[in-house]
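Since every read-out is calculated from the coordinates, none of them should be taken as a lab result. Because the structure is predicted, anything quoted here is derived from the model rather than measured. Note that each Cβ is placed from the backbone with ideal geometry, even for glycine, and that neighbours are counted across all protein chains shown.
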Amino acid sequence: MAPDTGSALSIRDLTVEFDTPAGVVRAADGVSYDVAAGETLGVVGETGSGKSVTALAALGLLSAGNVRRVTGQALLGGTDLLALPPAELRAVLGRDVAMIFQDPGTALNPVQRVGDQIAEALRVHDRALTAPAARARTVELLDEVGVPNPAGRYDAYPHQFSGGMCQRAVIAMAMANRPRVLIADEPTTALDVSVQAQILDVLRRAARETGAATVLITHDLGVVAETADRLCVMYGGRVVESGTVYDVFARPRHPYTAALLASLPRLDVRADRLTPIPGRPPDLIEAVPGCPFAPRCPVGHDRARCAQERPEPVVTGAGLSACHYPDEAGPPPRAAGPGRDAAAAAAGAADGGAGVQGMTPSRHGEPEKSGPRPDGSRAPDPDGRSAAGSGAAAPRGAPPDGGVALDVRDARKLFPVRTGVFARTSGYVHAVDGVSMRIPAGRTLGLVGESGCGKSTLARMLLRLVQPSGGELTVAGHDLVRANRGELRRIRQRVQMVYQDPFASLNPRLSVGDNVAEPLRLAGGFSRPQRRTRVLDLFDRVGLRPEHTDRYPAEFSGGQRQRVAIARALALRPRLLLLDEPVSALDVSVQAQVLNLLADLQHESGMAYLFVSHDLSVVRQVADEVAVMYLGRIVEAGPAERIYGNPRHPYTRALLDSVPAPDPAGRGTRRRAPLGGDVPSPADPPSGCRFRTRCPFAEERCAAEEPVLRDVDGGLTACHFAETLRGAAARAAGPVRDEVHS
Amino acid sequence: MYAYVIRRLLQFALVLFLGSLAVWAFVFALPGDPATVLTGPDAAPAELAATRERLGLDDSVVQQYVTWLGNAVTGDLGDSYFSAETVRSTLLDTVPATGQLAAFAMALTLLIGIPVGTVVALRPRSWAGRAADAYLTAGLAIPAFWLGLLLIIVFAVQLGALPAASDYVPLFSDPAGAVRATILPALAVAVHASSVLARFLAASLHEVMGRDYIRTARAKGVPERYVVRRHALRNAALPTVTVVGIQLGGFLGGTVVIEAVFNYPGLGRLLYTSIGERDYAVVQGGVLFVVAAFLCLNLLVDVLYAYLDPRIRLA
Amino acid sequence: MTDAALAKTPAGPPAGAPRFAAARRFARSRSALVGAAGLLLLVLLALLAPWAAPFDPNEQGADNLLGPSATHLLGTDELGRDIASRVIHGTRASLLVGFGAAALGALVGVPLGLVAGYVGRWADAVAMRLTDLLLAVPGILLALVIIAVLGPGRLNLVLAIGIGAVPEFARLTRAATLSIRERDFVVASRGMGAPAADTMVRTVLPNVLGPILVQLVVTASLAVVVESGLSLLGLGTPPPAPSWGGMLQEARSYLHQSPWYGVFPGLCLAFTVFCLDRVGRGLQRAFGTAVAGGAREGTI
């Protein structure tokens, strides 16, 4: 331990600049933070905040050719890593300080055995270590991080590991030499929420066992609230606030922190309206003399001092805040009271003045909604297949213009698995296996599930981008399955889709205006001037400036592009909008803008939404009804209040438990029962209940008999024990199961 | 992996079959049928008919192909139109010469290409990197046949150190003589080929060096030279294997101009002269050989690749 | 996108249409500009050959095999023709055949690859086996055989070399199409009800043009070399029209008497390939495409 700092790692005034064609980008600007042994520091920030660049630069791992300069200090126990010659630095890396990276799928060498890669970390720092000894130690490490059958898995290649397993291997590699500092750069961002909970557990254990100081870099405030001791918030390449997790979450001293917390969709309550941060993140090319957050700041945006004078970190309470007016930063959103309303009103006003409003009056749980349909067709099918449904058939739930936008019965999609020499079909992946749902006009159905559960396949089936293998699909009153080419085109005009990645969903070779006009051109019957007028109108509706129609997608930020994509989807006034993870590629502050826009548009037009997402908190904010998918089946569905407030399926419960709450208060006592293992292969789903291999309550019956999706307490649940698992009592009683060894 | 290899094998068989069909059909695309070519324009009708009979041109098309293919499979590619020899023996005279030239050229290509490519990718700003880059820029621009001509001018005409026209001297009977006879054409081929290889390897290596797993290796403290050796080169070499295979295939059938320039008695020169003499039986047999050799090499390379890449091997 | 990605992508939004952005990136590379300037010079020489050349290329006005002099900058050939004039006129044959063959290859190969990649299944299988077949014959040999069938002539040269270039274009276009066919903007086009042909032409094609353009340049340089090789064998540009390869062929007979004869035509050839290579590399960087060309860049 360095006597002069008392910290395991001290970043001092670190500045990183890149040369880009557009100019010099200062990605990190005088960043300083400390982390002590045994402590976890969360470094939080959005895209481009400089949080990863700082860490990579400190360890000399920036490999891009356009690094212009790295200045400052990175003191590891008194030694400045930035001043070390390359060979000496390399000797420190992996031994005293180790790093865990974001994408476990690419972090391992694809042509080397996983075990050998871990053993290499041991052997480069200990030349005396023999190969058998390194192997034995590696197997121990793999066991410590929860890789099942570690001796056998030593010889596997990375492609034979799941994402979660790869990340465990990377963690094993990082802790191999008991480093004093562990730096984890977005270690769970690429993973599913249930796997994220496992990996965070492993990380915690690794830090505890090695006694290492941990730097956890993340964009996810929930992860920080759950795991960090102290917190450091970055914005525009600078540290804007730091302090203990409890202090910062309870009383943010920087307006950015406060705004970020306010814009977060929450799992526990449904906000009437999210409070986004207006505007967009700073352009790091133009060096601003003042505070980088000033243009978006409710406190400082018209104060001259904020625009001209750079705020230096000042001690406020127990932490530091780089704000001229730290005491004016709004309190966090959950603190009930006038402060929150003020913040909401301010942000609302900045967002274009739309009032705070609910979406539909009837979104609170109404048990009768999940009763039989008027025509009686909602009962389970005679052959025992589930008729899942979500859609609230109650007539009074439907808006005035009425009608059912989407009616899906027993939809299936089988993808053939081809193996062998002649690529013969040896089996089928049941991507979607007997799903039924309904969405009335003007309502939103949230479809949640982890990757590979079939939710995106289902969404694509509704445009017949994926050919259904069976079932009845009625979209806006048209039979989708039997539609011929011409009918299909007409249906596709009534249903539009917004895709996940706004960087990929717009044709980069067309101007944004032409992108929006595409559906009009394809539908035919619109003259050029008519299209132009319509495009301008659409731009206005989604909050884009009409003079930007001739620009190209590359010139827009993610949030703006998603607005363009939404405008395109609205061009033909569809009755149903399929939203496939529409905000998961966006930063939190921008995410709230887009969610509010979607809410406003639905309110105006009475469109129905199918909102597909892996993010339970986001779905909480937008959905009237929620359906939870697992391995191609709906395991639970019903009104949002019922699913979130009274989940009856162990999977739904586990998912909800896995989501880290953006609130450190009471985290010590919070009961978490993370799911073990990975999702089984959909090509070979478990017999009986598909969830049983990961279910803490599974019994013999679950393997033999598939549970029917049935009415349980105002919703639909497919679990044998749905009636007996009640409320919190059952949740607390659930045994905490670790890894499923398979 | 077995399924992969067998699938590749079937594709190989299919393409080889298509290739044989194309090679066989090529003769029919020529102006005038083979009998006319063989007997000359002024031949008597009886002579023409006899020739047609001998060549089996009066059989049905399918019958002709089946007969031809059956013979080809057993190694009987027919008789040369003009010389007294069979096509098979004519080819067998030239294939070893071309094989030796290809082997020499490939050895030089690897010897030059791998270090040049590695230096260009890893040390672009050092003097060695700049020199290597200059070499590959020049090597890519200078056509092999012109370089061959320049080499002849310098080493044969001006210095008189090496022969201007290369004979085939088998390596095993006279190693020194074989090197003397083959070095110039091999060098002419290898300068260009090694530049192509070096650029490909450099691009591949450069890309690999930016991958996440390289950063992982650095982060665990692996010294840079081992990062390159254990992690980067292995991954960059994989796609390069394919390139080397294609190049070797090209050396076997595509050194026509070089062999003509050096008057080297190989397959390329044989094909060229046969086309000039309209000895299409030889052209047919030679091209069939080249196609078969190229496809075999490709198959080998694909199998090797599958073996080297665990993602395919263990699939 | 993490902020580490900053290192790779420009942080600020680039202004203007993507094609102009590519042009700007191209113009930022000095080596690419040198290549473009050289190419422009060659094109001008080809266009203005009758005015640029000091003599008629076929005029047998001087003594045979003269060395370089003030009148005949590069000397004269075995028939007393001015070599400099023949070299300048030879630019025409090279560029015409080079670009003609590349264009032909693209014209056939790009639609083939587009359909193979987008439609897939049987169309893909058929197209790929066809290209496998064409690739199994070295380019020069294929051209040689085709010339044998079609007979000599400039148009036939273009055909012979162009056919050999088809598979490269088809494979490249197919690979590029495959890499974007499941991208969201292509899926979105289908989802909006666009017919397959509309998606292919309006959405896929413009987004794969970058690598195709690079390949066009690479193929042109390859074709220039093949043309010269064929001419050297006496099967290329028919005499007496001047071509670099043809001059090299003649030079071979007079290596002792005038060793400088073959130097300049070859140098022009190398310069042309060099310029095309620089331009190709510049385009490649400008479009951010992967390695183009590959191994078939010719063994001759």
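What the table below lists for this structure:
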| item | result |
| --- | --- |
| Dipole magnitude (debye, nearest 20) for chain C, charges at Cβ of Lys, Arg, Asp, Glu | 1180 debye |
| Unit charges at the beta carbon, dipole of region B:2-73: most positive-side option, B:G70, B:S60, B:A49 | B:G70 |
| Prolate/oblate/rounded call for chain A, Cα gyration tensor, a/c under 1.5 rounded | oblate |
| Nearest 10 degrees, 0 to 90: helix B:2-29 Cα axis against chain B principal axis | 40 degrees |
| Estimated vicinal HN-Hα couplings, Hz - region A:78-92 in sequence order (Karplus 6.51, -1.76, 1.60; Gly, Pro = x) | x, 9, 7, 4, 6, 8, 6, x, x, 5, 5, 4, 4, 6, 7 |
| Alpha-carbon centroid distance for the pair region C:34-61 / region B:79-124, whole angstrom | 37 Å |
| Environment charge of A:I566, counting only residues whose C-beta is closer than 12 Å and scoring Lys/Arg +1, Asp/Glu -1 | +3 |
| Which of A:L414, B:A132, B:S274, positive extreme of dipole for the protein assembly as shown (C-beta unit charges) | A:L414 |
| On Cα atoms only, tilt of B:61-73 relative to the major axis of chain B in degrees | 60 degrees |
| Taking chain A and dividing mean pair separation by its residue count, relative contact order in percent (alpha carbons under 8 Å, at least six apart) | 13 percent |
| Mean Kyte hydropathy of 0.5 or more with a Cα span along the axis of at least 30 Å, helices from DSSP in chain C | C:83-119, C:154-181, C:205-232, C:263-287 |
| Loop GluC sites (Glu not before Pro), region B:36-100, which have at most 14 other Cβ atoms in a 10 Å radius of their Cβ (DSSP) | B:E85 |
| Under 5 Å, built H, 5+ apart or other chain: amide partners of A:L716 | A:A637, A:G638 |
| Cα-centred dipole magnitude for the protein assembly as shown, charges only on beta-carbon of K, R (+1) and D, E (-1), debye, nearest 20 | 2000 debye |
| Cβ-based charge dipole, the protein assembly as shown, positive-most Cα from A:A184, C:M192, A:V224 | A:V224 |
| Amide hydrogen neighbours beyond the local backbone of A:V24, cut-off 5 Å, H modeled | none |
| Test item: Cα-centred dipole of region B:2-73, Lys/Arg +1 and Asp/Glu -1 on Cβ, debye | 560 debye |
| HN-Hα J in Hz across region B:276-287 - Karplus 6.51, -1.76, 1.60, θ = phi - 60°, x for Gly and Pro | x, 8, 6, 8, 6, 4, 5, 4, 4, x, x, 5 |
| Helical mean residue ellipticity (222 nm; -39500 (n - 2.57) per DSSP H run of 4+; nearest 500) of chain A | -8500 deg cm²/dmol |
| ³J(HN,Hα) computed for each position of region A:675-684 - Karplus, 6.51 cos²θ - 1.76 cosθ + 1.60, integer Hz, glycine/proline x | 5, x, x, 10, 5, x, 5, x, 6, 9 |
| Of the DSSP H helices in chain A, those whose Cα atoms cover at least 15 Å axially and whose Kyte score averages 0.0 or more | A:163-175, A:193-210, A:338-350, A:512-523, A:588-605 |
| Low-density loop cleavage sites - trypsin sites (Lys or Arg not before Pro) in region A:426-478, where at most 10 other Cβ are within 10 Å (DSSP) | none |
| Amide H contacts under 5 Å for A:G446, placed H, 5+ residues apart | A:F611, A:D624, A:E625, A:V626, A:A627 |
